[in-house]
Amino acid sequence: MPSARTDEHIPLMASQEFLWLISWSTPPQANNVVVWDLPAKVTNAEVTKAFSTLLLRYEALRTTFGLTDAGLPYQKVATTTPHSIPEYDLSADPQIAFEVTSEVSASVIQPHGCPLYHVAILADREMRWLVLAVSHLVADGESMDVLRRAFYQILLGEAPLDAGRQPAEQALLETSPAYRRRLDRALAGFEEAVRQAPARLFPLMRHEVPPGTCLLARLRSAAVDSAARGLAARLGVTTPAIYSTVFVACLTTLSRNPHYAIYVNFRGRFDAAMEGSVGCYFTRGLVAGSTGDGVSFLALTRSIQEQTLRAMESSIYSHCEAEEARVRVERARGRLLPLASTFDYAEASPEGPPRDETACDEVSVEETEHPIPNNELSIMVRAGAGTAELELLGSAAALTGDELASAVRAMGQVIVALSEDPGALDADIGKLLRRHGMPQQAYGPDVVYSDATWINLAATRELVASHEYVRDACVVASGDSTLVAYVVAKSPELRPWQLRRHMLDQLHAHPGAAVPHRFSVVDASPPSGERDATAWERQTVVEEGDGRWSPRREPASLKEHAISSAIRRFHPGIEVDVNTDYVSLGGHALLAPAVARTVEGSGYAGLTALDLLQPCSIAALARRLSPRRLPPKW
């Protein structure tokens, strides 16, 4: 078993970086929580001994995280971990099972300087269970299966499986020049895909719905499971490729947008040395493209399979560097690119329960929360043991429960129909979905298609008009889908760069809006009743431009100085221009948590690491800050 270099700080693996970022920026995330049955013949002392052996065997469970003085995150592996497992008796109070499970999960939320697992034994008069929660930062879903198998092997005195490559060794391998060259190629491919991706799926959002509120439509079906496996075997593709193809067709049909971009979550191990490893090896790849008109299921499946394989090969890219690339493209395109649609597939363990004979084709819908507020539409497919479970998660601000239920039902019915009628494989997949009840968004004249995205002109005009120097405004789309903002100014100081900067700073609060390609400041509004594009074009232009150039400005307010000082502390070579965003200044995503924490330490609240990874100027971020309330002194 490889020994970890426990006497030094080890860099994070690429697969840990994005999870590290969101652990500093969002409400506490759920962890991997499992419950294992304990054989009646073993004592609690034997359980504790077996778990202690597990700790020594897998360094991921002994890993803690911290920040260097330079603000960089590191992981460190403890050589030994003294351990005892608390025990709880359910016979007196059954409710304690829920309380303990919640406590076990919550106790490993913060990844800063403390062990990232918690464990407990529950018992009633007849049975006992081991409850284990592990942070996603140190163990992914497949790792939990590895831990379960190894725990029982150790507990029952069997020879445990090979521990595989340890995370510390993998992290150090990723610092090699060869890995860096692969990473640069992968990042270039990722950035090109982002340039072609739609900004948002749905331009019409209900503002009264709180961010992160989602609806979950669930379909459980034995027929869908059988049909998907049969189709995959017939076409010579993987079973996940069948589901991901139907999901892409669902996205493009429901949104009426032929362009798509989804993250495919990869759960497998692509290196034999990692087959039995425990760690955060979860990776994802961006699959982006266009379905075109009348694409068939067969053609789309081949395209998605090919793109997924390419994404799998390039999924080694650093998620932090990918976030920086995304922000650069957002600034250039004048669009927010949340890229929040995900496809996730999990195959049931062969050791799992037998076929679920009660599985039916009924759809249930419930309200839930999503840890990433930008989610618009994602899917989780759990297949195996004779049943497929499709969970379609959609934003409650964009979709209704009926729309989601109809969408997931249509997906299941189409998979079954394709398996029963081979001739349908060459038919238009969009028409086939609609025939089975797939809904489509309806857009009025205020929604136009531009730059691979549906744009809400009303929301865009509202955003332009919110600038303090604007008296009146109109946004129109020309014949080539170029967006032009016509503006009547209150002040002669108004310039196109101020309008573009204002819009980039405020896009996060205006879903569906986009920065126009050109700004025209005109002398007056058209006469009442003549507010169309032609009327605005007849007005005398005072100044126009794309607004991409902006003058440099030094920090002025105390809040601007607080952010600028924090940036310079961890990026000594940067000269801060508050009219520019953090990434364009040269800020690194991996240092964003340290910058945000330093701003908080200077007495201001309201800035997170993810806020710094937006195309917002430093001046705009400073305006969001508020004096931090100090904890009471006891």
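The values are calculated or read from the model by the stated rules, or taken from the named source; none is laboratory data. None of the values given here were measured: they were computed from a predicted structure. Reconstructed Cβ throughout: ideal geometry from the backbone, glycine too, with neighbour counts over all protein chains shown. We work out accessible area using only protein heavy atoms, side chains counted, and drop any ligands, DNA or RNA first. Shrake-Rupley method; radii C 1.70, N 1.55, O 1.52, S 1.80 Å.
For the chain, give the percent of accessible area contributed by carbon and sulfur heavy atoms, probe 1.4 Å, rounded to a whole number.
Details: 14280 of 27430 Å².
Exposed carbon and sulfur together represent 52 percent of the surface.
At R0 = 30 Å, how high is the FRET efficiency between Ser364 and Phe98 if r is their beta carbon distance? Nearest 0.05 is fine.
Calculated value: 0.85.
Can you tell me the 0 to 90 degree angle between the C-alpha axis of helix 401-420 and the longest principal axis of the chain, rounded to 10?
The angle comes out near 70 degrees.
At 25 °C and 0.890 mPa s, grab the translational diffusion coefficient of the range 496-545 from Stokes-Einstein with a Kirkwood Rh over Cα pairs, rounded to a whole number in µm² per second.
After rounding, the answer is 198 µm²/s.
For the chain, report the accessible area per residue in Å² (1.4 Å probe, heavy atoms, rounded to an integer).
I get 43 Å² per residue for this part.
Provide, as a two-decimal number, the C-alpha radius of gyration of the range 376-488 over 2.2 N^0.38 Å, N being how many residues it has.
1.53
Rounded, prolate or oblate for the chain? Axes are the square roots of the Cα gyration tensor eigenvalues, ordered a ≥ b ≥ c, and the cut-off for rounded is a/c under 1.5.
Note, shape of the chain comes out oblate.
So how tilted is helix 44-57 from the main axis of the chain? Cα-based, degrees 0 to 90, rounded to 10.
Result, in degrees: 50.
Taking the 0 to 90 degree range and rounding to the nearest ten, how far is the long axis of helix 239-255 tilted relative to the main principal axis of the chain, both from C-alpha atoms?
Helix 239-255 and the main axis of the chain meet at about 30 degrees.
Under 18 Å from a label point 7 Å along Cα→Cβ of Glu313: give me every residue in the range 217-255 with its amide N that close.
Under 18 Å, as judged by backbone N against the label point of Glu313, lie 238 of the range 217-255.
Given 10 Å bins starting at zero, what is the percent of C-alpha pairs of the range 444-525 in each, up to the one with the largest pair distance?
So the P(r) values, bin by bin, are 19, 56, 23, 2.
Assuming R0 = 30 Å, can you tell me the calculated FRET efficiency for the pair Met127 and Ala163, based on Cβ-Cβ distance, to the nearest 0.05? Before the final figure, lay out the partial values.
Numbers: r = 30 Å, r/R0 = 0.99.
For R0 = 30 Å, the calculated efficiency reads 0.50.
For the residue pair Thr534 and Ile574, what label-to-label distance in nm results when each label sits 7 Å from Cα along the Cα-to-beta-carbon direction?
5.0 nm
Report, ordered by chain and residue number, the aspartates and glutamates lying within cross-link reach of Lys76, taken as a straight Cα distance under 13 Å and ignoring same-chain residues fewer than 8 apart.
In chain and number order, the partners are Asp7, Glu8, Glu59, Glu169.
Mind checking the range 510-575 for chymotrypsin sites (Phe, Trp or Tyr not before Pro) that DSSP puts in a loop (not H, G, I, E or B) and that have at most 12 other Cβ atoms within 10 Å? Intermediate values should be presented prior to the final figure.
Values: sites: Phe519, Trp536, Trp549, Phe570; in loops: Trp549.
When the chymotrypsin sites (Phe, Trp or Tyr not before Pro) of the range 510-575 are filtered for loop state and at most 12 Cβ neighbours within 10 Å, Trp549 remain.
Give the cross-link partners of Lys41 among the lysines, using a straight C-alpha distance below 22 Å as the criterion and excluding same-chain residues fewer than 8 apart.
Leaving aside lysines fewer than 8 places away in the same chain, those within reach of Lys41 are Lys49.
Tell me the relative contact order for the chain as a rounded percent, counting alpha carbon contacts under 8 Å between residues six or more apart.
It comes to 15 percent, rounded to a whole number.
Over all alpha-carbon pairs of the range 168-283, lay out the pair-distance distribution in 5 Å bins, whole %, shortest bin first.
P(r) over the range 168-283, rounded to whole percents: 2, 7, 10, 14, 17, 16, 15, 11, 6, 2, 0.
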